[in-house]
Amino acid sequence: MRRNFLKTALAAVMTLAFAGAPAMAQVKTIKISHQFPGGTIDDGDFRDRLVRKFAAEVEKKTNGQLKFEIYPAASLMKPVPQYKALSTGALDMALYPLAYAGGEFPAANLTLMPALITSYEQGLRWKDAPIGKELVRLLDERNVKIVTWVWQAGGIASKAKPLVAPDDAKGMKVRGGSREVDLMTKAAGAAVTNVASNEIYSAMQSGVLDAAVTSSTSLISFRLHETSDYLTAGRKHSFWFMFEPLLMSKKAYDSLTPAQQKIVMEVGASLEKFGMEAAKIDDERVVEVYTKAGRKVVDMDQAAFDKWRAVAKASAWKDFEEKVKDGKALFEMAVAVK
């Protein structure tokens with residue numbers, strides 16, 4: 001009887017062990033990369049916080065079946081190659097300035113087209129407009145999915161003088177952040193040097209750059225007030241609005257169950273309000289940072305913005321329509337969103 005009891009008990013343990021194996025196998029770890037400084041879920045660069053909020057909420061809603069490893073500050077890979085890594089499935093997720101992919105995916109340059117987007121609300125309206133649906137389709141063809149739509153306004157950090165209107169750009173070495181912004185500043189008389197945002201500090205410190213256009217959040221997080229004397233704030237008018245979404249490799253997405261896919265997309269969409277509000281807060285906070293550091297702050301007015309738009313139309317806008325496949329149709333869809 002004792003032997004029978006032990007055999008029965010052992011069989012029960014083995015049954016439970018094998019029954020638990022599939023559940024254990026369902027736990028999946030997803031890696032998220034980005035170039036911005038790391039922090040906590042409550043403190044630091046809001047883009048890092050958005051990623052952490054996303055990870056925590058998805059893990060909670062999937063009962064721990066999906067877990068995340070977050071790699072900030074380009075600690076997993078350099079900024080620009082993240083797009084290719086997503087499209088090939090070598091990287092699971094990234095919070096990524098989509099215009100960085102413009103070399104391989106020219107239509108992405110539309111997402112940092114100077115003087116095209118003039119407000120956060122206008123940018124977010126792309127999501128449900130024909131241009132947003134087309135962008136989703138084009139990325140889907142390239143095995144990348146948009147999980148969270150994030151837009152950011154930008155300001156201009158400069159060293160010797162403020163860069164406000166096109167005439168100010170003459171003779172300056174300027175970082176624009178995308179091919180199209182570079183075309184506009186070059187048309188205004190600047191020499192262009194393009195580096196990722198996490199490289200601006202050293203480029204300005206070494207004299208490679210006289211001025212750099214980047215998001216208000218990056219101006220703060222990368223401490224550009226330490227290497228520049230002037231800030232042209234983007235809080236009122238800015239020719240620089242960048243699409244900086246949370247993206248997911250289609251390979252990683254397709255490996256999830258339908259229920260997990262639904263959770264990922266719902267949580268991603270739920271963070272868009274947080275992203276917009278945090279970006280707006282940083283548009284004001286960067287002014288406080290520069291002022292506290294004793295730097296000179298100026299705001300771009302409507303007249304200066306209109307001058308930049310005129311330069312953009314004759315250079316960057318024209319270039320995109322003429323040189324990008326279906327560029328004219330894409331641009332028409334973009335300008336239709338008010």
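Observations
- Test: residue in segment 164-173 that is of a type in the set (A, V, I, L, M, F, W, C), closer than 22 Å to Val286 by Cα and out of contact with any Leu (no Cβ under 7 Å at 6 or more places or on another chain): yes
- Hey, Phe18 modelled with pLDDT of 95 or more and part of a helix (DSSP H, G or I) or not: no
- Matching residues in segment 315-335 - criterion: being within 23 Å of the chain's Cα centre (by Cα) and either outside any loop (DSSP other than H, G, I, E, B) or among the small types (Gly, Ala, Ser) (or both): Ala316, Trp317, Phe320, Gly327, Leu330, Phe331, Met333, Ala334, Val335
- Candidate set from segment 282-293 (those that are in contact (Cβ under 8 Å) with a residue 60 or more places away in the chain and β-branched (Val, Ile, Thr)); member that is nearest to Gly123 (Cα to Cα): Val286
- Within segment 195-222, being open to solvent by 10 Å² or more (accessible area, probe 1.4 Å), modelled with pLDDT of 95 or more and in a loop (DSSP other than H, G, I, E, B) holds for Ser206, Gly207, Val208, Asp210, Phe222.
- Single match in Val213, Val195, Val164, Val181 (criterion: more than 17 Å from Arg309 (Cα to Cα) and among the β-branched types (Val, Ile, Thr)): Val195
- Selection of first residues in segment 25-49 that are in a helix (DSSP H, G or I) and of second residues that are open to solvent by less than 40 Å² (accessible area, probe 1.4 Å) and among the acidic types (Asp, Glu), restricted to Cβ pairs under 9 Å at least 6 apart or on distinct chains, gives the following pairs, ordered by first then second residue: Phe46/Asp282; Arg47/Glu244.
- Residues of segment 206-226 that are within 23 Å of His34 (Cα to Cα) and of a type in the set (S, T, N, Q): Thr214, Ser215, Ser216, Thr217, Ser218, Ser221.
- Qualifying residue in segment 228-235 (condition: in contact with a helix residue (DSSP H, G or I) (Cβ under 7 Å, 6 or more places away or on another chain), closer than 27 Å to Gly39 by Cα and hydroxyl-bearing (Ser, Thr, Tyr)): yes
- Val192 being free of Cβ contacts under 8 Å to residues at least 24 places away in the same chain, more than 25 Å from Asp45 (Cα to Cα), in contact with a helix residue (DSSP H, G or I) (Cβ under 7 Å, 6 or more places away or on another chain) and open to solvent by 10 Å² or more (accessible area, probe 1.4 Å): yes
- Residue ID - nearest to Ser158 (Cα to Cα), chosen from residues in segment 223-236 that are open to solvent by 30 Å² or more (accessible area, probe 1.4 Å) and out of contact with any Ser or Thr (no Cβ under 8 Å at 6 or more places or on another chain): His225
- Evaluating Val51 against the criteria (1) touching a Leu at 6+ places or on another chain (Cβ under 9 Å); (2) at pLDDT 95 or above; (3) open to solvent by 60 Å² or more (accessible area, probe 1.4 Å); (4) not charged (D, E, K, R) leaves one unmet condition, (3).
- Scanning segment 100-141 for residues that are of a type in the set (S, T, N, Q) and touching a strand residue (DSSP E or B) at 6+ places or on another chain (Cβ under 6 Å) gives a single hit, Thr111.
- Among the strands (runs of 3 or more DSSP E) confined to segment 83-183, the ones with at least 2 residues that are open to solvent by less than 10 Å² (accessible area, probe 1.4 Å) and closer than 27 Å to Arg52 by Cα are located at 93-95, 144-148, 151-158.
The values are calculated or read from the model by the stated rules, or taken from the named source; none is laboratory data. The model shown is predicted, which means the values in this text are computed figures rather than measured ones. When we count neighbours, we look across all protein chains shown, and the Cβ atoms used for this are built from the backbone with ideal geometry, even at glycine. Accessible surface areas use protein heavy atoms only, side chains included; no ligands, DNA or RNA. Shrake-Rupley method; radii C 1.70, N 1.55, O 1.52, S 1.80 Å.
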